[in-house]
1. Looking at (1) surrounded by 15 or more Cβ atoms within 10 Å (Cβ to Cβ); (2) assigned to a helix (DSSP H, G or I), find the lone condition where ILE67 falls short.
2. Could you grab me the full set of residues in the range 34-63 that are of a type in the set (A, V, I, L, M) and either part of a strand (DSSP E or B) or touching a Lys or Arg at 6+ places or on another chain (Cβ under 6 Å) (or both)?
3. Say we look at the range 8-29 and pick out the residues that are over 24 Å from GLY82 (Cβ atoms) and under 11 Å from the mean Cα position of the chain (by Cα); which of these is surrounded by the most Cβ atoms within 10 Å (Cβ to Cβ)?
4. Tell me, which residue of the range 30-88 that is free of Cβ contacts under 8 Å to residues at least 12 places away in the same chain and within 15 Å of GLU14 (Cα to Cα) is farthest from the chain's Cα centre (by Cα)?
Amino acid sequence: MKGLLGRESLRSGEGLLIIPCMGIHTIAMRFPIDVLFIDKRNIVIAAIRNIRPNRLTRLYPGASGVIELPVGTLDATETKAGDLIEFS
C-alpha cells in the first residue's frame, strides 16, 4: 500500500510494478512520475507523462497493473499505448 510514498526520487532505470492496479494517486509524493498502465499481456493501454504530486489518474478497467517510472522515461524510450513491455 506504500508504493513510492516516502521516497525522495526514482533513479534512471528504476521503476515500481504494482499488480493488480487500475488507477493510482500521487498524494503526498515528493516528485513527479511517468506511468504505464498495462493489460494482462503486458500491452500498454495508457502512457501518462509527468504526473505531478497530489494528483489522481482515472481508472483503466482493462489494466491489470501499472509501472511507475522516473519522469522523462516515456519520452526517452518513446513508449506509447500498444507497445509490449517485456520483463527480464
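Any read-out appearing in this document is the output of simple, stated calculations on the displayed coordinates, not a laboratory observation. What you see is a predicted model; the values in this text were computed from it and never measured. Note that each Cβ is placed from the backbone with ideal geometry, even for glycine, and that neighbours are counted across all protein chains shown.
1. Of the numbered conditions (1) surrounded by 15 or more Cβ atoms within 10 Å (Cβ to Cβ); (2) assigned to a helix (DSSP H, G or I), the odd one out for ILE67 is (2).
2. VAL35, LEU36, ILE38, ILE43, VAL44, ILE45, ALA46, ALA47, ILE48, ILE51, LEU56
3. For the range 8-29, the residue satisfying everything is THR26.
4. Per the stated criteria, the residue is SER88.
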